[in-house]
Amino acid sequence: MQILKEEVRERIVAAAAREFVRHGYRQSSTRRIAQRARVGKSNLYNYFPSKEELFSAVTAPFQADFRVLLDEVTDHLEGERLRSDVAESTSKSIASFIRANRDSFITIMEGSEGTKYESFKEEVIAALANHFARYLSKKPAGDFALRARFMHIVARLFVDALIAIASGAAKDEEIEATIALYLAYHMGGMAQFY
C-alpha cells in the first residue's frame with residue numbers, strides 16, 4: 001500500500017482548484033489535473049477516489065467560511081446596513097473575503113453544476129432575498145408574493161454582481177473599490193424600500 005504524502009495531496013488540490021475555476025466541474029478533466037499536479041492519474045485516485053471528492057476538497061472550506069460571512073453580513077438590526085459606516089464595513093468584509101477566496105468563490109458559484117454544491121448559489125440568493133424582505137416596508141405596493149419575487153430578483157442581481165466583480169477584476173484593489181461602488185449603488189436603491 002502506498003503512503004499518501006501531504007505535499008502531493010496539496011499539489012493535487014492546487015491543480016484541481018485551477019482546473020475547476022477555468023472549466024467548472026463538468027468540463028474539468030482529472031487527466032489535466034494529474035498532469036498539472038505532476039502525478040499519474042491512478043495516483044490522483046489514490047488521494048481522491050472521485051472527481052466530486054476532489055471538488056469537495058477544493059470547495060468545502062470555502063463554503064463553510066462563506067456561510068459565516070453571509071451570517072455576519074445579514075445579522076443586524078433593521079435599517080442598520082443603510083448607514084454609511086456600516087455599509088463601508090460590510091463592503092470591506094465582502095471584498096476581503098472575495099480577494100482571499102476569489103477562485104473558490106467563482107468555482108462554487110459558477111462551476112459547481114453536477115456536484116452536491118450545485119444549489120449553493122441559489123441557497124445564497126434565497127438567504128439574501130429573505131434578508132432583504134425581512135426589512136422591507138410595504139413598498140413596492142402590492143401583495144407579499146410580488147414583494148418576495150422582487151427581493152429574489154434583487155438578491156440574484158447582488159450575487160451576480162459579486163461574481164462579475166470577482167471574475168473581472170485584474171487586481172485585488174479593484175475588487176474592494178468596485179464592491180464599495182456597487183454596495184453604495186445597491187444600498188441607495190434599497191433605501192427607498194425601508
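Just so you know, all these numbers are worked out from the coordinates, no wet-lab data involved. In this text the structure is predicted, and so the values were computed from the model without any measurement. Cβ coordinates were reconstructed from backbone atoms using ideal geometry, including for glycine residues, and neighbour counts include every protein chain displayed.
To test your reading of the geometry: what angle, between 0 and 90 degrees and rounded to tens, separates the Cα axis of helix 144-168 from the longest principal axis of the chain?
For 144-168 against the chain, the angle is about 50 degrees.
Give me Tyr185, Tyr45, Tyr117 sorted ascending by neighbouring Cβ count inside 10 Å, so fewest comes first.
Neighbour counts put them in this order, fewest first: Tyr185, Tyr45, Tyr117.
Quick check on region 1-42: take the gyration tensor over C-alpha atoms, sort the square-rooted eigenvalues as a ≥ b ≥ c, and tell me if it's rounded (a/c under 1.5), prolate or oblate.
Because a/c hits 1.5 or more and a/b exceeds b/c, region 1-42 counts as prolate.
Once all Cα-Cα distances of the chain are split into 5 Å bins that start at 0, what whole-number percent is in each one?
Result, from short to long distances: 1, 7, 15, 17, 16, 13, 10, 8, 5, 4, 2, 1, 0, 0 percent.
For a footprinting-style exposure proxy, rank Phe55, Phe97 by other Cβ within 10 Å, fewest first.
Phe97, Phe55
To the nearest 10 degrees, how steeply does helix 51-74 sit against the main Cα axis of the chain, on a 0 to 90 scale?
Roughly 20 degrees between the two axes.
Could you tally up the Lys pairs in the chain with alpha carbons closer than 25 Å? Skip any pair fewer than 8 positions apart unless they're on separate chains.
Value for the chain: 9.
Let me check against my output: what whole-number percent is the relative contact order of the chain, with C-alpha pairs under 8 Å and at least 6 apart?
RCO, the chain: 23 percent.
Rounded to the nearest 0.05, what FRET efficiency is calculated for Glu52 and Asp160 with R0 set to 22 Å and r the Cβ-Cβ distance?
Efficiency for this residue pair is about 0.30.
Mind pulling the angle between the C-alpha long axis of helix 6-27 and the longest principal axis of the chain? Nearest 10 degrees, somewhere in 0 to 90.
Helix 6-27 sits roughly 60 degrees off the main axis of the chain.
Take Ser104, Ser96, Ser42 and order them by how many other Cβ atoms sit within 10 Å, fewest up front.
Ser42, Ser96, Ser104
Rounded to whole Hz and in sequence order, give me ³J(HN,Hα) for region 108-116 from the Karplus expression 6.51 cos²θ - 1.76 cosθ + 1.60, θ = phi - 60°, writing x for Gly and Pro.
Rounded to whole hertz, the list is 6, 7, 10, x, 9, 4, x, 10, 5.
Rounding to the nearest 20 debye, state how big the charge dipole of the chain is about its Cα centre with +1 on each Lys and Arg Cβ and -1 on each Asp and Glu Cβ.
That gives a dipole near 700 debye.
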